[in-house]
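The structure under discussion appears below in the form of C-alpha cells.
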Amino acid sequence: MANFKKVYDNLKALTKSGEVIGVACSGGRDSISLLHYINSVKEELDIEVVCININHSIRETSDRDSRFVVDFCRENGIRCHKFVIDSYNIARTRHLTLEQAAREGRYEIFRVLIKKGLVDKIALGHHIGDQAETVLMHILRGAGLSGASGMAMSSEGIFIRPMLNISRQTINEYIIENDLNYVEDETNEDSNYTRNFIRNEILPKLEEKFPNCQENIANFGNICRKDDEYIDSQVTLDAVIVDKEHHIVRLPRNYFIYAEPIVNRMIRRAFNSIDIYADIESKHIEMIKALAKMGENGSKVSLPNKIFAVCEYDYITIYKKVPKVSTQAWAFKSGRIKIDGLGTLIVRRTQDKSINENSLKIDASKLPKGVIWRFRNDGDIFEKFGGGTKKLKSYLVNKKVPARLRDNIPLLAGNNEIYVIAGVEISDKVKIDENTKNVYEITLKTEEI
C-alpha cells in the first residue's frame with residue numbers, strides 16, 4: 001500500500017478523540033485521497049469525519065465537480081456540507097484577484113463552520129509539492145523568514161494539513177491502489193494564476209537540474225520555521241492594545257527600537273491578533289517601521305484589503321477601514337444607543353453625584369431645549385471643563401483623540417454648541433454643583449477612546 005503511515009501519524013498528533021474533522025474536498029486527487037483515507041481510519045482515531053465542498057463558481061465544470069463530491073460522500077457514508085460562493089463578485093467588491101477572492105470566500109466558510117461548532121478542525125489536502133510552491137511564491141514576493149517557512153502542519157489551532165510531508169507520487173499510488181475516481185480542475189493548467197505558473201513553468205525546469213528540489217525546498221521551509229519560531233518566542237506584546245471585535249491593534253512606538261527581527265515579528269503578530277493572516281508582505285512591514293520612525297501624528301500608510309496604519313501620538317495603530325460618518329441623530333433621553341463600529345452609548349438617570357472615571361455626569365437641567373446626540377460638524381465649539389471656549393477640533397487634538405475616531409464620537413449638541421463629548425469630557429456649562437438635582441450618567445462602552 002502507498003505509504004500513508006506518515007499521514008496516520010500526523011492525524012494522531014493533530015486530532016483529539018471525539019473531534020469532528022471537516023475535510024475540505026474539491027473532488028481533485030489530493031482532497032479525495034485525504035477524505036477517503038481519514039474516513040478509513042476514523043474509528044481507530046476515534047474521530048468523526050464530514051466533507052466540506054465549496055463551489056467557487058469560477059469554472060463551467062464547478063457544478064459537475066460538486067455533484068461528484070456529493071455522490072462520493074453518499075457512496076462512502078460521509079456527511080457532506082455543500083456551499084456555493086460567487087468568487088467574481090467577491091473579487092469585484094473587495095478589489096482582489098480571482099485567486100485571492102476564492103481563498104477569502106472559502107476560508108470565511110471554514111471559520112463560520114468552526115464558530116458554529118459544526119466542526120472542530122478543517123483538514124486540507126496540501127502535500128510536499130504544494131509546500132514547495134508556497135515557499136517559492138513567498139520568497140519571490142519578498143517574504144522574510146516567516147513567509148519562507150511556508151505552510152504549517154497546524155495553523156491557528158483549527159487548520160491541519162496531514163499530507164504536508166508526503167509527495168504527489170505517494171498520493172498517486174494511493175489513488176491507484178484504492179481505485180479512486182477524481183475530477184481534474186482545468187484551471188490548474190492556466191499559468192496566469194501565480195501558483196499555477198510556479199507549478200507548471202518554474203518547478204519542472206528546476207526538477208530537470210535538481211531532481212529532489214521539491215523536497216529540498218520544503219525542507220528549507222521547515223528549517224526556516226524552526227528558526228522563526230525561536231525568534232518569535234523572544235517577542236513580547238505586553239503593552240500592545242488589541243480590540244479584536246473592531247479589528248484594531250495599537251503598538252507602542254517605543255517598541256520599534258528593538259532588533260529588526262523582533263520588530264518584524266511584533267508587527268506580524270499584531271496583524272494576526274486581529275485575524276489578518278494573508279497579503280501582508282515584507283514591503284508592508286517596512287512601511288510600518290518607517291512610519292513609526294519618521295511619521296508625524298496623523299500620518300498614515302495604506303495596506304492591502306482596506307487596512308491602514310497610522311501614527312497616533314505614542315502608538316502605531318493598525319486598523320481596517322473606519323465606517324463612513326453617520327448622519328444619524330438621537331433625542332436626549334435615558335436608554336442605550338448602538339453606534340456602528342464604535343460601541344454603545346448608555347444614558348441613565350442617577351442620584352449619585354460622585355465622580356466615576358468610566359462615565360460622565362451632567363446636570364441635565366442646565367441643557368437647552370432640543371439638544372440631540374449627533375456627530376461632528378464644521379464650526380462646533382466646546383467650553384472646556386473649568387472654562388474657556390475652543391473649537392471642537394482643537395480640543396480633541398489637545399486631548400489626543402485619534403483622528404480616525406473624531407468623526408464617529410457621539411456629541412450632545414444644541415446647534416453648534418457641544419455639551420458632552422461621549423467618553424471624553426463634559427462642557428463646563430453642564431457641570432454638577434451643590435444645587436444639582438437632575439443628574440444623568442453617560443457611558444460610552446468601547447475600547448477605542
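The values are calculated or read from the model by the stated rules, or taken from the named source; none is laboratory data. Note that the structure is a prediction, hence the values are computed from the model and not measured. Neighbour counts are summed over all protein chains in view; Cβ atoms, including those assigned to glycine, are modelled from backbone coordinates with ideal geometry. Accessible surface areas use protein heavy atoms only, side chains included; no ligands, DNA or RNA. Shrake-Rupley method; radii C 1.70, N 1.55, O 1.52, S 1.80 Å.
Tell me whether the range 66-193 comes out rounded, prolate or oblate; compute the Cα gyration tensor, take square roots of the eigenvalues as a ≥ b ≥ c, and use a/c under 1.5 as the rounded threshold. Write out the running numbers ahead of the final one.
Values: a/c = 1.39, a/b = 1.14, b/c = 1.22.
Cα axes put the range 66-193 in the rounded bin.
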For the chain, what does the relative contact order come out to in percent, with C-alpha contacts under 8 Å and a separation of six or more? 11
Using Cα atoms only, what is the angle between the long axis of helix 98-115 and the major principal axis of the chain, expressed in degrees (0 to 90) to the nearest 10? 80
Across the chain: Cys residues that no other cysteine approaches within a C-beta distance under 4.7 Å: C25, C213, C224, C311
On Cα atoms only, tilt of 5-14 relative to the major axis of the chain in degrees: 20
Provide the solvent-accessible area of M266, counting protein heavy atoms only and rolling a 1.4 Å probe, rounded to the nearest 10 Å². 0
Roughly what % antiparallel, to the nearest 5, for the DSSP beta bridges in the range 340-419? 80
Counting pairs of alpha carbon atoms under 8 Å apart in space and at least six apart in sequence, what relative contact order in percent does the range 1-151 give? 23
Of Q131, Q100, Q328, which has the largest mean-square fluctuation in a 10 Å C-alpha GNM of the chain? Q328
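Roughly how many percent of the accessible protein surface of the chain is carbon and sulfur, given a 1.4 Å probe and a whole-percent answer?
48
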Which aspartates and glutamates have a Cα less than 16 Å from the Cα of K12, not counting those fewer than 8 places away in the same chain? E43, E44, D46, E48, D120
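Could you grab the Rg to Rh ratio for the chain? Cα atoms only, Kirkwood for Rh.
Details: Rg = 27.8 Å, Rh = 25.7 Å.
Answer for the chain: 1.08.
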Distance check, please: which entries in K361/K390; K300/K369; K121/K293; K320/K369; K82/K445 exceed 31 angstrom between their Cα atoms? K300/K369; K121/K293; K320/K369; K82/K445
Fraction of beta bridges assigned by DSSP in the range 1-95 that are antiparallel (%, nearest 5): 0
Probe of 1.4 angstrom, ligands and nucleic acids ignored: what's the accessible area per residue over the range 114-250, in square angstrom? 54
Taking a straight Cα-to-Cα line shorter than 19 Å from K366, and setting aside same-chain lysines fewer than 8 residues away, one finds K333, K353, K384, K429, K431, K437
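Per the helix-only calculation at 222 nm, which mean residue ellipticity applies to the chain, given -39500 (n - 2.57) for every DSSP H run of n ≥ 4 and division by its residues, nearest 500 deg cm²/dmol?
Rounded to the nearest 500, the figure is -11000 deg cm²/dmol.
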When the chain is treated as a GNM, springs tying every alpha-carbon pair under 10 Å, which of N222, N178, N398 comes out with the largest mean-square fluctuation? N398
Using a 1.4 angstrom probe and counting only protein chains, how large is the accessible area of L140 in Å², to 10? 130
Quick one: helix 282-294 against the long Cα principal axis of the chain, what's the angle to the nearest 10°, folded into 0 to 90? 20
Which aspartates and glutamates, on any chain, are close to K283 with Cα under 17 Å apart, when same-chain ones fewer than 8 places away are left out? E260
Residues meeting the amide H criterion for G144 (H placed from the backbone, H to H distance under 5 Å, 5 or more places apart or on another chain) are S282
Only bridges with both residues in the chain count here: give the DSSP antiparallel percent, nearest 5. 75
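Would you mind calculating the relative contact order of the range 1-71 from Cα pairs under 8 angstrom and at least 6 residues apart, reporting the percent as a whole number? Please list the in-between numbers first.
Values: 71 pairs, mean separation 24.3, N = 71.
Relative contact order for the range 1-71 comes out at 34 percent.
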Residue by residue through the range 306-319, the couplings from Karplus 6.51 cos²θ - 1.76 cosθ + 1.60 with θ = phi - 60°, in Hz, x for Gly and Pro, are 6, 9, 10, 10, 9, 6, 10, 6, 8, 10, 9, 9, 10, 8
What number comes out for accessible area per residue over the range 289-440 if the probe is 1.4 Å? Units Å², please. 54
Loop GluC sites (Glu not before Pro), the range 273-325 (other Cβ atoms within 10 Å of the site Cβ: 10 or fewer; DSSP): E296
So which residue, out of R406, R168, R92, gets the largest mean-square fluctuation from a GNM of the chain using Cα contacts under 10 Å as springs? R92
